[in-house]
Every structure is written in structure tokens, then in C-alpha cells.
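Comments concern the structure below.
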Amino acid sequence: QVQLVESGGGLVQPGGSLRLSCAASGSIASISGMGWYRQAPGKLRELVAIISSGGRTNYADSVKARFAVSRDNSKNLVYLQMNSLEPGDTAVYYCNAQIQESRYSSYNDYWGQGTQVTVSS
């Protein structure tokens, strides 16, 4: 079974920084895209940042100047460095990845359980 596990969330003051990590484990032949989504109370889940296997990135406009997504392909890890955090960044952050469990199988979407990020003074 493939699992994604996030870590690094917590409470931080406005202007502070956090680094989220997501580790993929289990039966993994290949990982295509990896990324981060977030969902605040009463709002839809939205894309924060994604990174392809080749290192191409996309960001939501609201975080582009402040966040950076990266990955370590050899360790099946994806990171989200969050700087200059604002109260509007408060949400549950979810890791997402498209994973092929064997070279003969299709790619499937997997989601982590989420990690809470709260930005408040």
C-alpha cells in the first residue's frame, strides 16, 4: 500500500516560516507530479504548489513570491518551504502525488492525511 505522510505543520506568527515535508512509501515504481494543496474552513481545497518529476513548478498566485516547492526523487520526498506567512495561509495542507506502483500499472492519485498550519499572533 502506498502512503503519503506529511509533517512540519504547526502554529507560527505572521511573517514566520515553516517547512512542510511529505514522504511517500510503499510499493512505488515511479512518481510523476507531486505537490501541495490546502483547505481552509468553509472553503474549497485549492492548489498551492506542484512540481513535476523534471522539476517544473507551478504556484498559486497568492503564494508564488513566498513559497518554494522542491523534491528529492531518490527519497520520494517533497517539501514546501513557506516564508513570510500570513493569516490567510491558515489551512490544512495536504500532500498529493501521482504514483505508479509497478512499471505495468497506471498512475493513481494519492493523498496524505493533512497537516494543520495556523498563522496567528
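The values are calculated or read from the model by the stated rules, or taken from the named source; none is laboratory data. Please read these numbers as outputs of a predicted model, since none were measured by experiment. All Cβ positions, glycine included, derive from the backbone under ideal geometry; neighbour counts span all protein chains shown. Just the protein is used for accessible areas: all its heavy atoms, side chains included, with ligands, DNA and RNA removed. Shrake-Rupley method; radii C 1.70, N 1.55, O 1.52, S 1.80 Å.
One residue stands out in the stretch 31-49 among those that are hydrophobic (A, V, I, L, M, F, W, C) and in a loop (DSSP other than H, G, I, E, B): the one that is surrounded by the most Cβ atoms within 10 Å (Cβ to Cβ), namely A40.
In the condition set (1) in a strand (DSSP E or B); (2) over 18 Å from Q113 (Cα atoms); (3) of a type in the set (V, I, T); (4) open to solvent by 40 Å² or more (accessible area, probe 1.4 Å), I28 is compliant with all but (1).
Tell me whether the stretch 85-93 contains one or more residues that are of a type in the set (S, T, N, Q) and closer than 16 Å to G10 by Cβ. There is at least one residue in the stretch 85-93 that is of a type in the set (S, T, N, Q) and closer than 16 Å to G10 by Cβ.
The condition (being free of Cβ contacts under 8 Å to residues at least 24 places away in the same chain, out of contact with any His (no Cβ under 9 Å at 6 or more places or on another chain) and either of a type outside the set (D, E) or loosely packed, with under 14 Cβ neighbours inside 10 Å (or both)) is satisfied by just one residue among S62, S17, S84, S52: S52. Number of residues in the stretch 71-81 that are assigned to a strand (DSSP E or B) and free of Cβ contacts under 8 Å to residues at least 60 places away in the same chain equals 4. With respect to (1) assigned to a strand (DSSP E or B); (2) open to solvent by less than 60 Å² (accessible area, probe 1.4 Å), the lone exception for D109 is condition (2). Taken over the stretch 87-106, residues that are open to solvent by less than 60 Å² (accessible area, probe 1.4 Å) and under 20 Å from S32 (Cα atoms) amount to 10.
Against the conditions (1) part of a loop (DSSP other than H, G, I, E, B); (2) at negative phi, where does G55 fall short? Just the number, please. Every condition holds for G55 apart from (2).
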